[in-house]
Structures are given as structure tokens and as C-alpha cells.
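Note sheet for the following structure.
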Amino acid sequence: MQSLVDQIVYVSDMFGTAVFAFSGVLVAGRLRMDAFGVLVLAAVTAIGGGTIRDMILGATPVFWVRDTLYIWVILVTALLGMWLAGLPKRLPWYVLPVADAFGLALFTVIGAQKALHFGASGLIAVLMGTMTGVAGGMIRDVLAREIPMVLQKEIYATACILGGIVYTVALECEVERVLAMFVSMGVVFGLRVAAIYWHLSLPTFSLQRG
Amino acid sequence: MQSLVDQIVYVSDMFGTAVFAFSGVLVAGRLRMDAFGVLVLAAVTAIGGGTIRDMILGATPVFWVRDTLYIWVILVTALLGMWLAGLPKRLPWYVLPVADAFGLALFTVIGAQKALHFGASGLIAVLMGTMTGVAGGMIRDVLAREIPMVLQKEIYATACILGGIVYTVALECEVERVLAMFVSMGVVFGLRVAAIYWHLSLPTFSLQRG
Amino acid sequence: MQSLVDQIVYVSDMFGTAVFAFSGVLVAGRLRMDAFGVLVLAAVTAIGGGTIRDMILGATPVFWVRDTLYIWVILVTALLGMWLAGLPKRLPWYVLPVADAFGLALFTVIGAQKALHFGASGLIAVLMGTMTGVAGGMIRDVLAREIPMVLQKEIYATACILGGIVYTVALECEVERVLAMFVSMGVVFGLRVAAIYWHLSLPTFSLQRG
């Protein structure tokens, strides 16, 4: 049973990696980058956050050196992505944001889990979860010479922070790991989807504070 | 006695962390970032340099994973900072630069110390001291999509380099650690304060070379 | 014999470090940076890629902490470079690109070699070779507030990837290390020199795909 859960998490992790990589492909496409640029932006978005997390924790070699399937998923996504770059226009607009919300939820919980596994405190686990979720996108935006979107779009990182807190507190309260995982992923995913929906009717500047 | 010095250094380190974090808050405020952006820029400025230093030396998990007080100081500074962002206008103009000079001096010496503690040579200790002092501000500026100020304002990093050299040479000459610390911090602090004062009467382009 | 090869590689490595550092000096000069900015851009270009590689592999302290000759080469290059910044105009135009191609070829092979030495798979070795070759220049460009050139100029990183693949496959096929090295360096160098020559007659936008 536990092992089935781990397998589902593993497959979901690869799905999240592909979704994040595709968001890198789209940014690279907007900037008219070449095939290598597409690959770098895909990789940085998908595994950048987890890489920094592992380097900070001292979990080296980092995760994708130990398990190269992550790199294969990114390669395939980048190659397919260049042919499918027109796809988002033909999908309903909410498909990619919702897939992204799912990846964000999973990455947050996986990041927090890894920090706890390395003996970090709850506070650090929340930080590491958030970093796993958002740092890759931040590096992508810096390479694209943009101010990282996540620094000006509050509800994205906030969802990670709240989900990370729920996960950490649930574990402290001895909630079963699988239950804690699904509840906290639900918090991140639910907040993101709510934010995407809510965003439609609210002017963005109301999200900005000094 | 030694232990009292260590306690003073620790308290000063937290003060320096808060001052650097506040400088991140001010940049975030100028860019109309949201609360998460404020937090990221505060954290990156305050602990970015030390984090890179620790990752390069292999001192992992990095310092703030081992001692989460750094993160709490940043959280409180970021929260207070958003309410006090108007404060700098009401303080005499030199208060923040002088506090920053103090933080810079301390971070430089702490960084050099840690490198030596990990068996690095004097040259690397000077480098690591300088990196601890300036790299956080550099990442902050990159996230804010600016060319890092420190690369165009010579006397900032130069103060760290000279202070680091004084500290390393003093230790080689078997000067007592506490004395070496205060003398080299005095060099960094004195040079910065002199540079702030001197800046008033000198056109900036004279600081620039090809 | 083997030891002579190692010595040639070591000397070439320092030559490549100087060439890459000089390319950082030139960018710093264009941006009117001060002496510290010149030093940072020189260092970041020359050792940035290898530093990230070592941090990802967990090969810490990173290489230039263990062997400070790299730092001395960068210091001397940065100092000389500020006086010789006008030099490129007086050299035939192809001297610097060809020297850069040599550095790129060597860095790629050294990076792949180090990854294999740390037990990484062939795929990761190709990645680490490419990263050693191009990541330093990418950080240099980010600090200079430019979209990294390498993301929009395909044949630069592509040369590293192909050279890395040749090197890794050759080793798998039990080709002697020295031979594998020279052949794969020839691939990177040859492709780059061909690309430089070819670039003359082809409009750049033909290198860009969506």
C-alpha cells in the first residue's frame, strides 16, 4: 500500500516535471531562443528549485544526478514542446494553469518532506517546500531578463507557504503521512485554482503592497 | 571572556542580518512587490552571501538551516519593514548606510573566519569574506533586474577585500583572534563610512574605470 | 607519459581560465564597471560553470578552493586585462574566438570527466561538461543584465553537447582516455571554429527557432 502511494507520487513527480518544463519552453519561445535555450529554460524551471534545495541541505549529488529520468522527461518535453508550442492556444485557457497548480502542490510537499528527512526543523521544511515550488520559475524569469513573476503575484508562493505549514503541522500532530500529503496538496492546489479564478475579476494592482 | 565575545558577535550578526534584510525590503518596496517578494528580497540580501559561501565550502546544511534564528529575524524584519518603509525618510540620511557598513564589516570577518575554519588558504578566506559581504546584495539586484550596484561602486567591495586581508594577515602574524577581528572590522567600517562621506563631494564617474 | 598528459591538461586549463576571464573583462569594460566589477565578471565567467558543477556533484570544497592557482590566474588576467582592453582591436578578429573555442573544448571534457569520476551516468557527464563550458558565461550575462548569449546562439552549447557525447561514448567503447579527450576536444573546437567562420555568411536570425 505504502509502496503504491510512493509509485503514484513518483509518476506525479514526473508529470509535474513535464508541466514545469513546458512552462519554460513557452517562455523560451516568446524570446525566440534556439533549441539549447529552450532546453535550458525547460530544465531550469523544472529542476532549478529542487537543485538549490539539495545544495542547501547538502543532499549531493542532487536528485537528478541520482535519477536521470528527470532529465529524460525534460528532454522529451523540450523536443515535443517546440512542436507543440502552438498547443496552448487550442486548449481551454485553464488547462495549463491547473496542471501547473498540481505540479506546484506536489513539488511543495516533496520539498518539505526532503527537508524533514534531512533533519531540518518545521520552519525550514516550509521554506524548502516553497523553494522547491517557486525557485525554478524565478531562475527562468531571471534568465529571460524579467523580474520574477512570483515576486509580484502574491497568491502563488503564498499557496506553497500555507500548504507547507499544513503539511508540517499535520506531521507534528502525528497525522498519517499519506493523509498529511493529500490534505496539504489540496490546500496548495485549491488556493491556486481559487486564485486563478479570482484573478479574473480583480485588478492585479490590488495584489500589490509597498 | 572568549564566550562573551562570541555572544557579542552572535547578537551583532543578527543585527547585521536585520539591517541587510531591511535593505532588501526597501528595494522590494520601490518595485511594488507583494509580501512574498518583500520576504524573498529580504532573505536573499541577508543570507544569500553566506549561503553561497557555505555551498562552495561544503559546509552543508548551510548555516541558517542549522540555526533558524536567522530566518525569524528576516521574517520579523520583513513584516515590520513593510510598515516602517517610510522610516528612512524620517531618519537622518546617514543612519542606514552606517548600519549597513557595520553589517558589512561583521559579515566580512565572519565569512573569512568560516573559510579558515574549513582549512581554506588566506586568499580564499579574503574571497569568502568579500562574498559573504556583497553576494547577497548582488542577487537582490539581479532579482530586481538591475546591474548589481556593487560592481559599479568600487569602495564597497574594496573595503571588504582590504578588511579581509588585514584579518588574514593579522591571524598569520599570530595576533589574537578578537583583536584581529576588531581591527579588520574597523578597516571595513572606516573605509565605508569614509567612502559615504567622500562620495558627497566627488562625482561618481571618477570611480569608474574601463 | 600519462603524467605528461596531465601536466599539459593542467597548463591548458589555466590558459582556458585566462581566456574566459578575459571575456568577462571585456563585458565589464563595455558596462563601465569598476575594478571590482571587472574582477567579479572575470571570475564568474572563468570558474562559474565549474563551481556549479562541483556544488551539484557534491565535490566540495569546489576546485578553486583546493587549488588557488585558478584565482591567481583570474587576478592577473583581470589586472592585465584592464590595461590591455584595447588589445582585441589590434589583434586579428579571430584570435579571441579561437582561443575561446579552445577553452570551451577543454572545459567541456574536464567537466564530463569529473562527473564520471564522481560516478555519474553518461547523460549526466554530457550535461556537466556542457555546464562547465557555458554556465560561467551565462552568469556573466545575467550580471550584465543581458539575456545569456548562449541561449540564442545555438552552435555554442551544441558543440559542447556533441563533444560531450563523443567523449562519453568513446570511454564506454573503451577508447583510451587521452585519445577520447583529444577527439572530443577536436569536435567541440572544430564545430566552434566552423560556426565562427560560417556565421560570417549567414544572417543570425536563421539560427533562431521558436
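Before moving on, here are some points about what is shown:
- Residues of the range C:148-168 falling in the label zone of A:Trp72, defined by backbone nitrogen less than 12 Å from a point 7 Å along Cα to beta-carbon, are absent.
- Largest GNM mean-square fluctuation among C:Thr108, C:Thr77, C:Thr68, using chain C with Cα springs under 10 Å: C:Thr68.
- Sorted from closest to farthest, the other copies place their C:Val11 label points 5.9, 5.9 nm away, with each point set 7 Å from Cα along Cα→Cβ.
- Per residue of peptide C:46-57, the mean number of Cβ atoms on other chains within 10 Å of the residue Cβ is 3.
- Where chain C is carried onto chain B by rotation, the Cβ closest to that axis, with its residue and distance in Å, is C:Met55, 3.
- Residues B:Phe20, B:Phe36, B:Phe102, C:Phe182 arranged by fewest to most Cβ contacts within 10 Å: C:Phe182, B:Phe102, B:Phe36, B:Phe20
- Fewest-first ranking of A:Val166, B:Val40, using other Cβ atoms within 10 Å as the exposure measure: A:Val166, B:Val40
- Calculated FRET efficiency for the pair B:Met149/C:Gln7, C-beta based, R₀ 35 Å, to 0.05: 0.25
- Each Cα pair under 8 Å and six or more residues apart adds its sequence gap; the mean of these over the residue count of the range A:1-111 is a relative contact order of 39 percent.
- Estimated D of chain C in µm² per second, where Rh is the Kirkwood radius over Cα pairs and Stokes-Einstein applies at 4 °C, 1.567 mPa s: 75 µm²/s
- The alpha carbon centroids of the range C:55-130 and the range B:35-94 are separated by 32 Å.
- Considering only A:Pro61, A:Pro92, A:Pro148, the mean-square fluctuation computed in a Gaussian network model of chain A, springs between alpha carbons under 10 angstrom, is largest for A:Pro92.
- Each Cα pair under 8 Å and six or more residues apart adds its separation to the average, and for chain C the resulting relative contact order is 22 percent.
- Dividing the Cα radius of gyration of the protein assembly as shown by 2.2 N^0.38 Å, with N the residue count, gives 0.96.
- The three principal axes of the Cα atoms in the range B:56-118 give end-to-end lengths of 43, 23, 15 Å, sorted in falling order.
- Put in line by how crowded their Cβ is, counting other Cβ atoms within 10 Å and starting with the fewest, C:Leu127, A:Leu69 read A:Leu69, C:Leu127.
None of the figures in this text is laboratory data; all of them are computed from the coordinates on show. Note that the structure is predicted; figures quoted are calculated from it, not measured. Every residue, glycine as well, gets a Cβ built from its backbone with ideal geometry; the counts of neighbours run over all protein chains shown.
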